[in-house]
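Engineer: The structure that follows is given in the form of structure tokens.
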Amino acid sequence: MSERIPEHRYTAELAGRIEAKWQDRWEAEDTFRSANPAGPWAEPDDPRITRGHRYVMDMFPYPSGAGLHVGHPLGFIATDVHARYLRTTGMNVLHTMGFDAFGLPAEQYAVQTGQHPRVTTERNMEVYRAQLRRLGMGHERRRSLATMDPDYYRWTQWIFTQIRESWYDPEATSRDGRGTGRARPISELVAELESGERATPDGRPWAQLSAVERADVLDAHRLAYVSAAPVNWCPGLGTVLSNEEVTADGKSERGDFPVFKRNLSQWMMRITAYADRLVDDLDRLDWPEKVKLIQRNWIGRSTGANVSFVVGTPGGTRETLRVFTTRPDTLFGATFMVVAPEHPLLDSIVPTAWPEGTDPAWHQGEETPLAAVAAYQRMASTKSDVERQADARAKTGVFTGAFATNPVNGARIPVFVADYVLMGYGTGAIMAVPGQDQRDWDFATAYRLPIVRTVQPPEGHPEDEAFTGEGPAINSANDEVSLDGLGVEEAKERIIAWLAGKGLAEPTVTYRLRDWLFSRQRYWGEPFPVLWDEDGVAHSVPDHLLSVELPEVPDYSPRTYDPEDADSSPEAPLARATDWVHVELDLGDGRGVRPFRRETNTMPNWAGSCWYHLRYLDPANEEAPVDPAVERYWIGPRPEPVASAPAGATDPGGVDLYVGGVEHAVLHLLYARFWQKVLYDLGYVSSEEPFRRLINQGMVEAYVYRDARGFPVPAAEVEEHPSGDGGPATYTWQGQPVTQEHGKMGKSLKNVVTPDEMCEQYGADTFRVYEMSMGPLEQYRPWETRAVVGSMRFLQRLWRNVVDEETGEVTVTDAPLDEETDRALHRTIDGVRADYEALRTNTAVAKMIELNNHLTKLDVVPRAAVEPLVQMVAPVAPHLAEELWERLGHDGSLTYEPFPQADPAKLVEDTVTCVVQVGGKVRDRLEVPADIDPSALEELALASEKVQAFVDGAPVRKVIVRAPRLVNVVV
RNA sequence: GCCCCCGUAGCCCAACCGGCAGAGGCAGCCCACUUAAAAUGGGCACAGUGCGGGUUCGAGUCCCGUCGGGGGCACCA
């Protein structure tokens, strides 16, 4: 250490000592402990219980082997600052941190290093814990959890069992009595089937069904069930994936491997049963509109009607072809129909020969329709979804040889098969209305099919395009009903009513959302609490036998394949643990000890994060995932709905503040909402939503510097050369010019900066202040190490305002504040409180710097000003604040010291500067009493010499007075 | 193709209900301290709000168009 640096200067080194001291102290004193009203940790007498409560939460991290870079803690610091602020208001504040320890990244890292995932994950968690501790996080340690702990996943498995042992009854009254639709125990369904109150699918009495048949009936209702269906198979990851985990271009979200559709038997969760509530309840949440929109798009609710068409078969019988349409009003314009290549009706309606007189262009060069359809199906089946989308422009298809009858006009219309119709949406069949749908128009043009407009396009609408807009119906009448002249909405209502009267249509809602594929063929996840008996019937593991612990296996790495090998099949690593798989158990169902085979799939990593917000509340509870009274206290509905909620909405409950990245807009946030609603329906929780308020923190980006070849160069070694004339700066690396751009922070871009480096060079408090003053929490912002020094200087000045750098003596005076300082102090308190309240930490820091700079200019710093400042700084720079607080002569932590109060009397100025405008332009400024009368002010303004000069004798048309700040003279 | 968000000093960002464009920080320049440099402290300068219209007494703020950046959905019937 250089002897010229004053001994008691606030350097990184001193900051480091202070920070370690207070971190030890907080831990030893359990400073951040919050109180529970009930459950194993009940402390109902804690005075905070009745003073209000706040639950502040972060999306917990994956403990990856790479550790944290400076971008990761941004949200964590923001919630820590907010939670620390809230504690100064006397409230009971819950803020903790856990780990999303299961899942692909942890497993892949373990595979790379050749060690058990538990070992590497434990180690990574230790690194994370140390890094977060070093940043001064006020997390409540006893509430921490990791999803891989058997004590935790015991309850994940328990919840799975609840979901599997339930079914969705759309007729049941909802729990709040305001609507219909609720999950109910499967036992109630069994009772209905047993008593005959509800008929079995084929009408036989329940008692006559075999065990397997009964299981099939129940599986059709269970909220977690096994189904054989086309799923996303990702050979590169060796597992199947949910729709949410596949990107729009058909790659795995993690790893970017190709994904193929394979028909496989997999576990599903019936999230579609909750589609309506998942959409509707978004209105009751205080979430970014963007995230709500993403969820609405993903669920993709669309209302319309199913309409039945009659199709003749080669055997002379008639089949019904049902289509889904959002535009039943255009039915008179339906001139052909299209079914998806996978449509089951194709087996029965395709004739052996082409009908007389059909256009040879429809035959695709095939001798018979059977051959043409088979060839087309073959072609379509070899194309992946991605390829089908890539060919989106060119419409292909073949005539099936079959004709349907348009129910409104009896027209005989041809049925085509084409891959622009998807089996997975609606009914897999459409009525094609080329006049009002551009895709149908394109197809009709290519196949020379008739086009009838049934909505009048406006003038100037191109002749060769479909018209999809609003307009009066035309060409839409038969003997019984006419739509002509009606608008789209009225026309829809009238035609549906007419069709419904004949049993040909019913209003229908369809969704883009599919059921959630819930099984994975990986090792590092929660085992399913499911046993298969010798008949192939699945049974839930009884609750008292949970948890079903992950077995040790000789090789836990999954079997992965050539990423392009679409024909490979998943193979669960747990299947290799044969001793674990085969068990003999008594399920307590009266059938005694029987042999079972354990389910060998594991849950996706989303399972653990679906309910961790509940477990944080009551982590030591061994009777339930969470004590109901504890849940109700912390996250139960509040009396007032959120501000953005529509009239009449009630508060759904949930975490008071949840902060995390927007990348979980679907996935985690959708899945967690679904589980919460099931648990709510079953009566285990009082809150209908997990997260009442959500904020997406922005990403910390970093500058990327590239050389002439375009390769990134180490950002830390780049030199900046400001241009003399105020223009943009230039940059060099080792003397050669390099270009600057924004990018992510990452190893390959050579621009990673870690929080550990920042603590080393500046201290954790400086790092926290810098991150919080870079801009609004939601915003993306570039990291700039050079700029961190500004935050350091602020804390240094604050230190110096209290402590003599040479002697270490406290230098504050007990003299009263001068008027200016007093006003500045109260203005700052008022502003900073509001900023903390609204999570505008960047402007809070600016206000504190301003006050501190003012104090710096005084000869001696008054205690009465600097003590409140230290308190205000505490949420962002907690260690420094604690240290100064102690040196100022206080005992104990200032964590719970009440936030300073602004005196309203000191916020109002005696005199203010009034701006006088002439024609909207500022022409004069007047010092006036703050409570000046508007007419007196007007008089004063008009009397101003400068105003007189600009008015220049012109007649004054109007004077706008906004006392006391503004007068505008209009001439 | 459709939808959403964002454009303010060289850079990161403030600006409440439409009312003086600037709170704070970085970089720059000057000064003090220093043998010198760094660090530190003090001071100074810098934009009329991407662009074009409109509403208004008055627009960074509201409306329309346009350009640029970011994101979501996409043969969804």
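The values are calculated or read from the model by the stated rules, or taken from the named source; none is laboratory data. Only a predicted model underlies this, so the values are computations on that prediction, with no experimental measurement involved. Note that each Cβ is placed from the backbone with ideal geometry, even for glycine, and that neighbours are counted across all protein chains shown.
Engineer: Within the stretch A:436-472, how many residues are surrounded by 13 or more Cβ atoms within 10 Å (Cβ to Cβ), outside any loop (DSSP other than H, G, I, E, B) and either at pLDDT 90 or above or not small (Gly, Ala, Ser) (or both)? Walk me through it before giving the result.
Structural biologist: Of the stretch A:436-472, the ones surrounded by 13 or more Cβ atoms within 10 Å (Cβ to Cβ) are A:436-437, A:439-447, A:449, A:451-457, A:461, A:466-468, A:471-472.
After this cut, where a residue has to be outside any loop (DSSP other than H, G, I, E, B) as well, the list is A:436, A:439-446, A:455.
Narrowing further to those that are either at pLDDT 90 or above or not small (Gly, Ala, Ser) (or both): A:436, A:439-445, A:455.
Final tally of qualifying residues: 9.
Engineer: Right, another one. Against the condition surrounded by 15 or more Cβ atoms within 10 Å (Cβ to Cβ) and over 21 Å from residue A:880 (Cβ atoms), how does residue A:827 come out, does it pass?
Structural biologist: Spelling it out, residue A:827 is indeed surrounded by 15 or more Cβ atoms within 10 Å (Cβ to Cβ) and over 21 Å from residue A:880 (Cβ atoms).
Engineer: Filter the stretch A:622-663 down to the residues that are buried (at least 19 other Cβ atoms within 10 Å of the Cβ), in contact (Cβ under 8 Å) with a residue 60 or more places away in the chain and of a type outside the set (A, V, I, L, M, F, W, C) and list them by number.
Structural biologist: Selection gives A:625, A:627, A:633, A:641, A:651, A:652, A:654, A:656, A:658, A:660.
Engineer: What is the one condition in (1) touching a Phe, Trp or Tyr at 6+ places or on another chain (Cβ under 8 Å); (2) assigned to a loop (DSSP other than H, G, I, E, B); (3) more than 16 Å from RNA strand B (Cβ to nearest atom) that residue A:648 does not satisfy?
Structural biologist: Here residue A:648 meets the rest and fails (1).
Engineer: Got a sec? Which of A:50, A:79 is of a type outside the set (Gly, Ala, Ser), on the phi < 0 side of the Ramachandran plot, buried (at least 24 other Cβ atoms within 10 Å of the Cβ) and part of a helix (DSSP H, G or I)?
Structural biologist: Testing whether each residue is of a type outside the set (Gly, Ala, Ser), on the phi < 0 side of the Ramachandran plot, buried (at least 24 other Cβ atoms within 10 Å of the Cβ) and part of a helix (DSSP H, G or I) leaves just A:79.
Engineer: Being in contact (Cβ under 8 Å) with a residue 24 or more places away in the chain and under 27 Å from the mean Cα position of the chain (by Cα): is that true of residue A:797 here?
Structural biologist: When the stated conditions are applied, residue A:797 does not pass them.
Engineer: List, please: which pairs have Cβ atoms under 6 Å, are six or more places apart or on different chains, and start with a residue in the stretch A:409-427 that is within 24 Å of residue A:355 (Cα to Cα) and among the acidic types (Asp, Glu) and end with one that is within 7 Å of RNA strand B (Cβ to nearest atom) and at pLDDT below 90?
Structural biologist: So the pair list comes out as A:419/A:388.
Engineer: Now, a different point. Can you tell me which residue in the stretch A:313-343 is surrounded by the fewest Cβ atoms within 10 Å (Cβ to Cβ), limited to those that are more than 10 Å from RNA strand B (Cβ to nearest atom) and without any contact (Cβ under 8 Å) to a residue 60 or more places away in the chain?
Structural biologist: The extreme case among them is A:316.
Engineer: Looking only at the stretch A:512-562, how many residues end up being modelled with pLDDT of 95 or more and within 30 Å of residue A:491 (Cβ to Cβ)?
Structural biologist: Of the residues in that region, 0 qualify.
Engineer: Of the numbered conditions (1) within 16 Å of RNA strand B (Cβ to nearest atom); (2) among the charged types (D, E, K, R); (3) touching a helix residue (DSSP H, G or I) at 6+ places or on another chain (Cβ under 6 Å), residue A:688 fails exactly one; give the number of that condition.
Structural biologist: (1)
Engineer: Same structure, new question: Among residues belonging to the stretch A:940-971 that are within 13 Å of RNA strand B (Cβ to nearest atom) and within 11 Å of residue A:926 (Cα to Cα), point out the one that is surrounded by the fewest Cβ atoms within 10 Å (Cβ to Cβ).
Structural biologist: For the stretch A:940-971, the residue satisfying everything is A:965.
Engineer: Go over the candidates A:850, A:897, A:837 one by one and state the one that is farther than 29 Å from residue A:804 by Cβ and surrounded by fewer than 21 Cβ atoms within 10 Å (Cβ to Cβ). Talk me through it step by step, then tell me what you get.
Structural biologist: Details: A:850 fails: farther than 29 Å from residue A:804 by Cβ; A:897 fails: farther than 29 Å from residue A:804 by Cβ.
A:837 is the lone residue from the list that is farther than 29 Å from residue A:804 by Cβ and surrounded by fewer than 21 Cβ atoms within 10 Å (Cβ to Cβ).
Let's see how each residue does on (1) modelled with pLDDT of 90 or more; (2) farther than 30 Å from residue A:649 by Cβ; (3) surrounded by fewer than 19 Cβ atoms within 10 Å (Cβ to Cβ):
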{"site": "A:174", "(1), (2), (3)": "yes, no, yes"}
{"site": "A:206", "(1), (2), (3)": "yes, yes, yes"}
{"site": "A:225", "(1), (2), (3)": "yes, yes, no"}
{"site": "A:231", "(1), (2), (3)": "no, yes, no"}
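Engineer: Still on this model: Exactly one condition in (1) touching a strand residue (DSSP E or B) at 6+ places or on another chain (Cβ under 8 Å); (2) surrounded by fewer than 16 Cβ atoms within 10 Å (Cβ to Cβ); (3) modelled with pLDDT of 95 or more is not met by residue A:191; state its number.
Structural biologist: Failing condition for residue A:191: (1).
Engineer: Follow-up question, since we're still on this one. Being free of Cβ contacts under 8 Å to residues at least 40 places away in the same chain, more than 10 Å from RNA strand B (Cβ to nearest atom) and within 30 Å of residue A:662 (Cβ to Cβ) is true for just one of A:286, A:347, A:280. Which residue is that?
Structural biologist: Answer to the check: A:280.
Engineer: Given the residues A:123, A:164, which is the only one that is without any contact (Cβ under 8 Å) to a residue 12 or more places away in the chain and either in contact with a Pro (Cβ under 9 Å, 6 or more places away or on another chain) or crowded, with 24+ Cβ neighbours inside 10 Å (or both)?
Structural biologist: On the way: A:164 fails: without any contact (Cβ under 8 Å) to a residue 12 or more places away in the chain.
Exactly one of A:123, A:164 is without any contact (Cβ under 8 Å) to a residue 12 or more places away in the chain and either in contact with a Pro (Cβ under 9 Å, 6 or more places away or on another chain) or crowded, with 24+ Cβ neighbours inside 10 Å (or both), namely A:123.
Engineer: I've got another one for you. So is residue A:509 modelled with pLDDT of 95 or more and touching a Ser or Thr at 6+ places or on another chain (Cβ under 7 Å) or not? Give the derivation first.
Structural biologist: Working: modelled with pLDDT of 95 or more: no; touching a Ser or Thr at 6+ places or on another chain (Cβ under 7 Å): yes.
So residue A:509 fails the test.
Engineer: Also, I was wondering about something else. On the given criteria, is residue A:536 surrounded by fewer than 17 Cβ atoms within 10 Å (Cβ to Cβ) and touching a helix residue (DSSP H, G or I) at 6+ places or on another chain (Cβ under 9 Å)?
Structural biologist: Judged against the criteria, residue A:536 is a match.
Engineer: May I ask you to list pairs of residues, at least six apart or on different chains, whose Cβ atoms are under 9 Å apart, with the first in the stretch A:296-309 being closer than 17 Å to residue A:507 by Cβ and near RNA strand B (Cβ under 6 Å from one of its atoms) and the second being among the basic types (Lys, Arg) and in a helix (DSSP H, G or I)?
Structural biologist: So the pair list comes out as A:304/A:492.
Engineer: Still on this model: Going by the structure shown, is residue A:514 within 25 Å of the chain's Cα centre (by Cα), part of a loop (DSSP other than H, G, I, E, B) and within 16 Å of RNA strand B (Cβ to nearest atom)?
Structural biologist: When the stated conditions are applied, residue A:514 passes them.
Engineer: So which residues in the stretch A:94-119 are under 28 Å from the mean Cα position of the chain (by Cα), hydrophobic (A, V, I, L, M, F, W, C) and farther than 30 Å from residue A:49 by Cβ, if there are any at all?
Structural biologist: The answer is A:101, A:102, A:104, A:106, A:110.
Engineer: Follow-up question, since we're still on this one. In the stretch A:313-329, how many residues are closer than 16 Å to residue A:429 by Cβ and touching a Ser or Thr at 6+ places or on another chain (Cβ under 8 Å)?
Structural biologist: Within the stretch A:313-329, residues that are closer than 16 Å to residue A:429 by Cβ and touching a Ser or Thr at 6+ places or on another chain (Cβ under 8 Å) number 8.
Engineer: Now a separate question. Need a quick list: strands (runs of 3 or more DSSP E) entirely within the stretch A:855-971 having at least 1 residues that are among the charged types (D, E, K, R) and without any contact (Cβ under 8 Å) to a residue 60 or more places away in the chain. Let's see the steps before the verdict.
Structural biologist: Values: elements: A:911-918, A:921-929, A:958-962, A:966-970.
Counting at least 1 such residues, we get A:921-929, A:958-962.
Engineer: Just to be sure before I move on: is residue A:757 closer than 30 Å to residue A:886 by Cα and either without any contact (Cβ under 8 Å) to a residue 12 or more places away in the chain or β-branched (Val, Ile, Thr) (or both) in the structure I sent?
Structural biologist: For residue A:757, the condition - closer than 30 Å to residue A:886 by Cα and either without any contact (Cβ under 8 Å) to a residue 12 or more places away in the chain or β-branched (Val, Ile, Thr) (or both) - is met.
Engineer: Is it the case that some residue within the stretch A:244-267 is part of a strand (DSSP E or B), modelled with pLDDT of 95 or more and touching an Asp or Glu at 6+ places or on another chain (Cβ under 9 Å)?
Structural biologist: yes
Engineer: Which of the residues spanning the stretch A:232-243 are within 14 Å of RNA strand B (Cβ to nearest atom) and part of a loop (DSSP other than H, G, I, E, B)?
Structural biologist: A:242
Engineer: Would you be able to say whether some residue in the stretch A:104-114 is surrounded by 21 or more Cβ atoms within 10 Å (Cβ to Cβ), touching a residue at least 12 places away in the same chain (Cβ under 8 Å), more than 16 Å from RNA strand B (Cβ to nearest atom) and over 25 Å from residue A:660 (Cα atoms)?
Structural biologist: yes
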